[in-house]
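Here the structure comes first, spelled out in structure tokens, and everything after it is commentary.
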Amino acid sequence: MSVNSTTVNSVLGPVPADELGVVLVHEALLSVFPGAEHAFDITLDRAEIFETLAAKLRDFRAHGGGTIVDSTGMFHGRDVRLYEALSRTTGVHILASTGQGPEELLGGYFLTPQTNPPTPWPAERFADLFTKEITEGMVVPRLERRGPAGLVATAATRTGMTATDESLLRGAARTALATGVAVSVGYGDDAVHALDVVLDEKLPADRVVVGGMDRKDAVADGAPEEIAGRGAYVALDHVGTEGPEHVTDSERASLVAHLVRSGLGDRILLSVGATGVAAGHPANDLPYSHVLTAFVPLLEERGVGDDAVRRILVANPRDLLAVR
């Protein structure tokens with residue numbers, strides 16, 4: 001279904017959903033591993049970071065890109081003021097996200113708040129935290145709130161969902177129900193189970209995107225087809241990354257073609273999972289434009305036509321990200 005009359009929450013305020021253009025739904029602009037900002041051997045020069053990111057965003061726009069979704073969540077380097085300046089300068093729409101996860105990347109406060117004995121945060125506390133970032137604005141720590149988040153992004157532990165992970169997913173789903181934004185879920189070891197947890201909160205499937213659908217374990221389990229068949233979006237969000245955990249771009253393109261032939265072309269999303277600037281962890285240095293310059297030709301070779309490509313890159317993310 002097309003959502004033509006609605007808006008999305010960009011860092012510069014509401015933007016008509018139809019103006020997003022080509023969207024990458026799972027990228028990182030500034031990604032700082034928690035605590036790295038305090039390390040003696042790491043320098044975060046804001047002017048240098050701005051110029052690096054601006055160049056990458058201009059390259060994306062020059063190749064036909066329109067919108068970047070920064071899905072890093074709350075405490076991994078998100079810099080709303082920086083993203084506002086980047087969007088104004090480059091003309092690329094930027095959506096920032098609220099949310100946290102997996103458990104291992106949470107700060108201690110969110111793991112053991114002031115209870116005796118210490119207990120994990122319940123889902124309603126995460127829901128309240130995330131919801132306020134949409135209804136009241138994203139937090140600039142200790143200073144102010146800025147514009148509303150455009151997405152709730154959360155993830156489960158790779159070795160298996162923990163109790164705190166489940167609270168995070170349920171809190172994210174409750175936030176989506178309360179605010180009308182969508183939820184992005186990074187699954188741990190079972191993609192279908194992660195979707196089940198979110199849907200158990202009565203969130204419609206078409207408000208959910210499950211990432212990592214180009215991981216080898218997901219493809220081997222048939223998760224992309226099953227999840228798309230249930231009405232949720234599937235994100236192949238490491239386009240260009242090949243290695244022990246992920247399929248090749250050739251295999252990704254074949255998977256997309258298979259899903260399109262199966263009538264599931266309206267459930268597919270693509271992204272590079274690139275890191276514009278990283279601190280404290282290795283960066284994925286692929287350009288944001290890789291989907292457009294290198295991957296779309298692979299789709300065309302497999303008979304995925306222009307209409308299907310446009311649906312995947314423009315219409316699907318537009319419908320997901322529209323607030324409703």
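Readers should treat all values here as calculations from the given coordinates under stated rules, not as data from a laboratory. Note that this is a predicted model, so its numbers are computed, not measured. Neighbour counts run over all protein chains shown; Cβ positions are idealised from the backbone, glycine included.
No other residue among 173, 218, 205, 191 is more than 20 Å from residue 266 (Cβ to Cβ) and either free of Cβ contacts under 8 Å to residues at least 24 places away in the same chain or of a type in the set (Gly, Ala, Ser) (or both) apart from 173.
Does residue 119 satisfy the criteria of being touching a Pro at 6+ places or on another chain (Cβ under 9 Å), assigned to a loop (DSSP other than H, G, I, E, B), of a type in the set (Val, Ile, Thr) and surrounded by fewer than 23 Cβ atoms within 10 Å (Cβ to Cβ)?
Details: touching a Pro at 6+ places or on another chain (Cβ under 9 Å): yes; assigned to a loop (DSSP other than H, G, I, E, B): yes; of a type in the set (Val, Ile, Thr): yes; surrounded by fewer than 23 Cβ atoms within 10 Å (Cβ to Cβ): yes.
So residue 119 fits the description; yes.
Here is the figure for segment 248-281: residues that are outside any loop (DSSP other than H, G, I, E, B), of a type in the set (A, V, I, L, M) and within 18 Å of the chain's Cα centre (by Cα) total 5.
Restricting to segment 138-184, name every residue that is in a helix (DSSP H, G or I) and farther than 11 Å from residue 101 by Cβ. If the condition is that a residue be in a helix (DSSP H, G or I) and farther than 11 Å from residue 101 by Cβ, then 163, 170, 173, 174, 175, 176, 177, 178, 179 are the ones that fit. A residue that is in contact (Cβ under 8 Å) with a residue 12 or more places away in the chain, of a type in the set (A, V, I, L, M), in a strand (DSSP E or B) and within 26 Å of residue 78 (Cα to Cα) occurs nowhere in segment 282-291.
Residues in segment 185-215 that are in a loop (DSSP other than H, G, I, E, B) and aliphatic (A, V, I, L, M): 203, 213. Selection of segment 7-65 for residues being part of a helix (DSSP H, G or I) and among the β-branched types (Val, Ile, Thr) yields 49, 52. Residue count for segment 135-166 satisfying the condition of being surrounded by fewer than 23 Cβ atoms within 10 Å (Cβ to Cβ) and among the small types (Gly, Ala, Ser): 4. Please work out which residue is surrounded by the most Cβ atoms within 10 Å (Cβ to Cβ), limiting yourself to segment 282-305 and to residues that are over 18 Å from the mean Cα position of the chain (by Cα) and more than 16 Å from residue 63 (Cβ to Cβ). Within segment 282-305, the match that is surrounded by the most Cβ atoms within 10 Å (Cβ to Cβ) is 304. I'd like the full set of residues that are under 20 Å from residue 26 (Cβ atoms) and among the aromatic types (Phe, Trp, Tyr), limited to segment 44-102. Answer for segment 44-102, where residues must be under 20 Å from residue 26 (Cβ atoms) and among the aromatic types (Phe, Trp, Tyr): 60, 75, 83.
Evaluate segment 41-53: report whether one residue or more is crowded, with 18+ Cβ neighbours inside 10 Å, touching a residue at least 40 places away in the same chain (Cβ under 8 Å) and not β-branched (Val, Ile, Thr).
In the first step, residues of segment 41-53 are kept if they are crowded, with 18+ Cβ neighbours inside 10 Å; the result is 49, 53.
Narrowing the set further to residues that are touching a residue at least 40 places away in the same chain (Cβ under 8 Å) leaves 49, 53.
Filter once more, so that each one left must be not β-branched (Val, Ile, Thr): 53.
Scanning segment 41-53 turns up at least one residue that is crowded, with 18+ Cβ neighbours inside 10 Å, touching a residue at least 40 places away in the same chain (Cβ under 8 Å) and not β-branched (Val, Ile, Thr).
In segment 90-114, which residues are more than 24 Å from residue 155 (Cα to Cα), over 18 Å from the mean Cα position of the chain (by Cα) and surrounded by 14 or more Cβ atoms within 10 Å (Cβ to Cβ)? The one that is more than 24 Å from residue 155 (Cα to Cα), over 18 Å from the mean Cα position of the chain (by Cα) and surrounded by 14 or more Cβ atoms within 10 Å (Cβ to Cβ): 90.
With respect to (1) within 18 Å of the chain's Cα centre (by Cα); (2) outside any loop (DSSP other than H, G, I, E, B), the lone exception for residue 225 is condition (1). In this entry, residue 73 passes the filter for residues that are among the small types (Gly, Ala, Ser) and closer than 22 Å to residue 185 by Cα. Of these, 320, 299, which one is in contact with a Phe, Trp or Tyr (Cβ under 8 Å, 6 or more places away or on another chain), part of a helix (DSSP H, G or I) and under 22 Å from residue 68 (Cα atoms)? Only one candidate passes the filter, namely 320.
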